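Inspection log for the structure reproduced underneath, given as structure tokens.
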Amino acid sequence: MTGMPNAMFSQRLDQLPAYPFPRLAALLEGLEPGKTPLVMSIGEPQHEPPAMITEAMVKYASLWHKYPPGNGTPELRSAIKGWLDRRYNLPDGMIDRDAHILPVAGTREALYLIATCVIPQDQPGPKPKVLLPNPFYQVYCGAAVLNDAEMVPLAADPETDFLPDLDQIDIETLKACRLFFLCSPANPQGSVASRDYLERIIAMAQEHDFVLAMDECYADIYDREAPVGALEICAAQGRMDNVIVFHSLSKRSSAPGLRSGFVAGDPVIIKRFNALRSYCSATVPMPIMAASAELWADDAHASENRDLYRAKIDVAQEIFGNRFGFYRPPGGFFLWLDVGDDEAATKKIWVEAGVKVIPGSYLSITDADGNNPGKRFIRIALVHDLETTREGLRRIADALS
Ligand SMILES: Cc1ncc(COP(=O)(O)O)c(C=O)c1O
């Protein structure tokens, strides 16, 4: 502690739950790992990033002296448009490179700032609501709390295919909702929203006039079928009102250090978001934009990357079979195992197997009904190479058996 008085800081900071990784460190403090430590708690892709990144840094080194434009270069926006069109089979003329796409320096910050952009202040009546799946990527919670909205966690349990049950949201909540975060493929459960599900949630956003922030960062990491995206639904409808999607090269190209992603969708939101970002956001450096354009234009490396994950899910299936509620995650690269008591299992796995995993309840919160949908689960990140992953999973299975 620095001894600074609390009045110096935003009180809302105190309302944030502790971030999962310091909580994990505290849980395991003083416990010795039983074997050589292996970190499978963090979703940080360890596959070799494509060589074109390094090559682009040399090729475009002369661009380091330029301040990058906040809305990205036309070349990058064109490459992103090309990817969106291919990946989601969008009709010609739907995506306008300049009006519908905004490159961002990784989606984490954008997921936070979208709340600043769309949550109204000083409105009469109760606080605006932000709806989010529970468990969730922690930034959604930060975005809601720090922008003085009421966070409404929606349980995403096995019973609801690990997605929020849209039928359970009452009309008053929908009316007060200004922002709804949905993640598909979902971190941590790997669940994928169906076409019907997306049609329903987009219709809700348009009817109740809230923004649907679709976090599709894992869109290119999938097991069998390419997950449907919100823009595909918009294409069928012929409009993108109230919808904004978030995409990243962190997972697609195994380059979380690049800090490169984009948002796309409703041009009204994109325009306001761009205006907001000129006051506060890090822009993507020019050589990184050039590298990013090459990465979005190339699908071969993303396909190879996907194959590497699929092979690891095969190994996980061999090892876990039908134990611990194992299922093949349709998307993403996490296992979400039902272990009964998440913290006890996490400690046991560390002490006996030397593997760090994360307790599910550190990625979720207890809702108004006293239910914490993460409590029975642990999340395991399959981010290492195949053999390291096999070794880690074997050790985890032994410790849990
Ligand atoms: C669900 C989800 N959304 C967004 C992000 C942010 O990714 P980035 O800021 O690297 O684009 C992550 C990173 O782990 C994530 O898991």
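List the strands (runs of 3 or more DSSP E) inside region 98-197, counting only whole elements, that have at least 2 residues being within 15 Å of the chain's Cα centre (by Cα) and at pLDDT 95 or above. Full working, then the answer.
Numbers: elements: 101-104, 129-134, 150-155, 177-183.
In region 98-197, the matching strands (runs of 3 or more DSSP E) lie at 129-134, 177-183.
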Original post:
For region 270-281, how many residues meet the condition of being surrounded by 15 or more Cβ atoms within 10 Å (Cβ to Cβ) and either without any contact (Cβ under 8 Å) to a residue 24 or more places away in the chain or charged (D, E, K, R) (or both)?
Top reply: 1
**OP:** Please name all residue pairs, on different chains or six or more residues apart, with Cβ atoms under 7 Å, provided the first residue is in region 104-125 and is farther than 19 Å from LYS251 by Cβ and the second residue is surrounded by fewer than 16 Cβ atoms within 10 Å (Cβ to Cβ).
**Re:** LEU113/LEU276; THR116/LEU276; CYS117/ARG272; CYS117/LEU276
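Condition check: out of contact with any helix residue (DSSP H, G or I) (no Cβ under 8 Å at 6 or more places or on another chain) and either open to solvent by less than 10 Å² (accessible area, probe 1.4 Å) or within 16 Å of the ligand (Cβ to nearest atom) (or both). Does PRO227 satisfy that?
yes
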Original post:
How many of the residues making up region 142-188 are away from the ligand (no atom under 16 Å from the Cβ) and among the aromatic types (Phe, Trp, Tyr)?
Top reply: 0
Original post:
If you scan region 114-141, which residues turn out to be away from the ligand (no atom under 12 Å from the Cβ) and touching a Phe, Trp or Tyr at 6+ places or on another chain (Cβ under 6 Å)?
Top reply: CYS117, LEU131
Original post:
So which residues in region 20-43 are surrounded by 14 or more Cβ atoms within 10 Å (Cβ to Cβ) and out of contact with any Leu (no Cβ under 8 Å at 6 or more places or on another chain), if there are any at all?
Top reply: PHE21, ARG23, LEU24, LEU27, LEU28, PRO33, GLY34, LYS35, LEU38, VAL39, ILE42, GLY43
Original post:
Right, GLU55: charged (D, E, K, R), more than 25 Å from ARG259 (Cα to Cα) and at pLDDT 95 or above or not?
Top reply: no
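Provide a single number: the residues in region 187-223 that are among the aliphatic types (A, V, I, L, M) and open to solvent by 10 Å² or more (accessible area, probe 1.4 Å). Show your work before the answer.
Let us first name the residues in region 187-223 that are among the aliphatic types (A, V, I, L, M), namely 192-193, 198, 201-205, 211-214, 219, 221.
Keeping just the survivors that are open to solvent by 10 Å² or more (accessible area, probe 1.4 Å) gives 192, 203-204, 211.
Total meeting the criteria: 4.
Being within 16 Å of the ligand (Cβ to nearest atom) and within 16 Å of ALA105 (Cβ to Cβ) is the requirement here; does VAL245 meet it?
Details: within 16 Å of the ligand (Cβ to nearest atom): yes; within 16 Å of ALA105 (Cβ to Cβ): no.
Answer is no for this residue.
One line per residue, one yes/no per condition, for (1) open to solvent by less than 60 Å² (accessible area, probe 1.4 Å); (2) within 19 Å of ILE119 (Cβ to Cβ); (3) small (Gly, Ala, Ser):
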| residue | (1), (2), (3) |
| --- | --- |
| ALA143 | yes, yes, yes |
| LEU154 | yes, yes, no |
| PRO158 | yes, no, no |
| PRO164 | yes, no, no |
| ASP170 | no, no, no |
| ALA176 | yes, yes, yes |
Original post:
Which ones in region 58-91 are part of a helix (DSSP H, G or I), open to solvent by 20 Å² or more (accessible area, probe 1.4 Å) and among the charged types (D, E, K, R)?
Top reply: LYS59, GLU75, LYS81, ASP85, ARG86, ARG87
Original post:
Quick one: which of VAL315, VAL284 is touching a residue at least 24 places away in the same chain (Cβ under 8 Å), touching a helix residue (DSSP H, G or I) at 6+ places or on another chain (Cβ under 9 Å) and within 14 Å of the ligand (Cβ to nearest atom)?
Top reply: VAL284
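If I filter region 358-377 down to residues being within 14 Å of PRO158 (Cα to Cα) and modelled with pLDDT of 95 or more, which single residue comes out as most open to solvent (accessible area, probe 1.4 Å)?
Step one: of region 358-377, the residues within 14 Å of PRO158 (Cα to Cα) are 360, 371-377.
Then drop every residue that is not modelled with pLDDT of 95 or more, which leaves 360, 372-377.
Numbers: GLY360: 0, ASN372: 33, PRO373: 9, GLY374: 0, LYS375: 80, ARG376: 100, PHE377: 9 Å².
This residue is ARG376.
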Original post:
Is it true that GLY325 is at pLDDT 95 or above, open to solvent by 30 Å² or more (accessible area, probe 1.4 Å), in contact with a helix residue (DSSP H, G or I) (Cβ under 9 Å, 6 or more places away or on another chain) and small (Gly, Ala, Ser)?
Top reply: yes
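For residues in region 206-261 being assigned to a loop (DSSP other than H, G, I, E, B) and of a type in the set (Val, Ile, Thr), which is nearest to ARG86 (Cα to Cα)? Give the derivation first.
Of all residues in region 206-261, those assigned to a loop (DSSP other than H, G, I, E, B) come to 209-210, 216-221, 223-229, 238-242, 253-255, 259-260.
So of that shortlist, the ones also of a type in the set (Val, Ile, Thr) come out as 221, 228.
Values: ILE221: 16, VAL228: 13 Å.
The extreme case among them is VAL228.
The values are calculated or read from the model by the stated rules, or taken from the named source; none is laboratory data. These figures come from a predicted structure and were not determined experimentally. Neighbour counts are summed over all protein chains in view; Cβ atoms, including those assigned to glycine, are modelled from backbone coordinates with ideal geometry. Side chains are part of the model used for accessible areas, which takes the heavy atoms of the whole protein and leaves out ligands, DNA and RNA. Shrake-Rupley method; radii C 1.70, N 1.55, O 1.52, S 1.80 Å.
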